[in-house]
1. Going by the alpha-carbon gyration tensor, a ≥ b ≥ c the square roots of its eigenvalues, is segment 1-73 rounded (a/c under 1.5) or, if a/c is not under 1.5, prolate (a/b greater than b/c) versus oblate?
2. Can you tell me how much longer the chain between Ser115 and Thr80 gets when fully stretched, taken as 0.36 nm per residue apart minus their C-alpha distance, in nm with one decimal?
3. How charged is the neighbourhood of Cys108? Take every other residue with its Cβ under 13 Å from the Cβ of Cys108, and add Lys/Arg as +1 and Asp/Glu as -1.
4. Which whole-number percentage describes the relative contact order of the chain, with Cα contacts under 8 Å and a sequence gap of 6 or more?
5. Just the C-alpha atoms of the chain: what Rg/Rh do they give, with Rh taken as the Kirkwood radius?
6. Please list, ordered by chain and number, the residues whose modelled amide H lies under 5 Å from the amide H of Val95; skip anything fewer than 5 residues away on the same chain.
7. Could I have the simple spin-label model distance between Ala37 and Thr9, label points 7 Å from Cα toward Cβ, reported in nm to one decimal?
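Nothing in this text is a laboratory measurement; each read-out follows from the coordinates by a stated rule. From a predicted model like this one, the values you see are computed outputs, not experimental measurements. Neighbour counts are summed over all protein chains in view; Cβ atoms, including those assigned to glycine, are modelled from backbone coordinates with ideal geometry.
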Amino acid sequence: MATSGNISTIGIAAGADLSAFQYKIIAVDGTLAATNAVALGVLQNKPKSGEHADVAFSGHMKAYVGGGSVAAGAQLAVTTSGYLITNATSTSGIVGRAITAAASGSLCEFIGDFSTARNSYSIGII
């Protein structure tokens, strides 16, 4: 069973009925996130549209995995329907690192930071 620990949260208005999506990744508009670029954090409660959504954006969290299993230690990214997936490419951004292994559809314990999440990272010279 996945657990969570010390987290930082933010409150936003749910942009849709999220009552069935606790522990999924939420976008900045209060709906389910589909990419790192729009990801705000992990939904901690079960709000209906317009209600207060409590979203964890940093710390020791748990969230659902989708699209395949995740190994302990894997770098994580966000995919459609608010799921975490293994970040299999070096060009994709990351939102955290798995603490526990998890099968698709299961909760994964991870250390995350959504404050700087984006689709990809690049290094350039200015």
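1. Here segment 1-73 falls in the prolate category.
2. The Ser115-Thr80 span can extend by a further 10.7 nm.
3. +2
4. 26
5. Rg divided by Rh gives 0.97.
6. For Val95, whose amide H was placed from the backbone, the distant partners under 5 Å are Leu76, Ala77.
7. Computed distance between label sites Ala37 and Thr9 equals 3.0 nm.
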